[in-house]
Amino acid sequence: LVNSPGMTWNLNLSGSVNHNKILDFGEGASPPSEYYREGYPGGSMWGYPIEGFSDENGDGMISPEEVVVGEEEKFLGPMFPEQEVSFRTDMTLWRVLRINLLLDYRGGFVMRNTTGLIRCAWGYCRAAWDPSTPLREQARWVADTNAGYEEEGDFIKLREAGFTLFAPETWATRLGVTRLSLTITGRNLATWSDYTGPDPEVNSHGVGTTGESSWNNWDWNAQAPFRYWTARINMGF
């Protein structure tokens, strides 16, 4: 976008969409799991949704009889993102400082917060003991249905941010090199999402699993991506 002696500025924007529908499994073939059904996207989330709840007695706590759960299993959404966008930019000022930034967006999918489900099932979650917990969280705890933990997984992540300081040529010459710089970079610095689990990007089943698990995308006590910083000295010879 800018190319001048005092400043250069580059911008890159990329994106993709994924819309699919299973038409027919073919004669003699069976679905790899219950999350693959004809007429719906491959890898779909299903469940008995919570259709309503109300603190009718006004005690600040939701009880099972105050929650309405649907009687029919419904399609809740695809497990895998339908939209992906990456935004990358870098700027160099006076050939002394370079700043870079990478933002990622993933949207249009449902994430199963099995981590929250398990914690509540064992009575460890806030909804199990704290009356100030939002009623929605209490409702999904007492409803005894997975659908309360199927959440919108859309997120924006500050995937990377960093800067590079270029040393004067005289400094490099004293060290017997032609170029000298210092780069400091941070990864997974921030996440913006309405998802209530540890991280909307994790997949407990991961890559390389076999059987039914290889077709699912769940957050089940998985380690969220680490936030970390690295420092590197660059020298050219």
When the residues of the stretch 130-147 are narrowed to those that are part of a loop (DSSP other than H, G, I, E, B) and touching a residue at least 60 places away in the same chain (Cβ under 8 Å), which ends up most open to solvent (accessible area, probe 1.4 Å)? Asp144
Among what's in the stretch 213-228 and is surrounded by 12 or more Cβ atoms within 10 Å (Cβ to Cβ) and not in a loop (DSSP other than H, G, I, E, B), pick the residue that is modelled with the lowest pLDDT. Ser213
Filtered residue count, the stretch 42-97, keeping only those that are of a type in the set (S, T, N, Q), farther than 19 Å from Glu201 by Cα and either open to solvent by less than 50 Å² (accessible area, probe 1.4 Å) or touching a strand residue (DSSP E or B) at 6+ places or on another chain (Cβ under 9 Å) (or both): 4
Hey, among the residues in the stretch 151-171 that are among the acidic types (Asp, Glu) and touching a residue at least 40 places away in the same chain (Cβ under 8 Å), which one's farthest from Leu76 (Cα to Cα)? Glu160
Please work out which residue is modelled with the lowest pLDDT, limiting yourself to the stretch 14-41 and to residues that are surrounded by 10 or more Cβ atoms within 10 Å (Cβ to Cβ) and under 21 Å from the mean Cα position of the chain (by Cα). Tyr35
So, in the stretch 23-77, exactly how many residues are charged (D, E, K, R) and within 23 Å of Asp130 (Cβ to Cβ)? 5
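This table checks each residue for (1) within 22 Å of Gly116 (Cα to Cα); (2) at pLDDT 85 or above; (3) surrounded by 15 or more Cβ atoms within 10 Å (Cβ to Cβ); (4) within 12 Å of the chain's Cα centre (by Cα).
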site	(1), (2), (3), (4)
Pro168	no, yes, no, no
Ile184	no, yes, no, no
Arg187	no, yes, yes, no
Pro198	yes, yes, yes, yes
Gly211	no, no, no, no
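The values are calculated or read from the model by the stated rules, or taken from the named source; none is laboratory data. All figures in this text were calculated on a predicted structure; none of them were measured in a lab. Backbone-built Cβ (ideal geometry, glycine too); neighbour counts: all protein chains shown. Note: areas computed on protein heavy atoms with side chains; ligands, DNA, RNA excluded. Shrake-Rupley method; radii C 1.70, N 1.55, O 1.52, S 1.80 Å.
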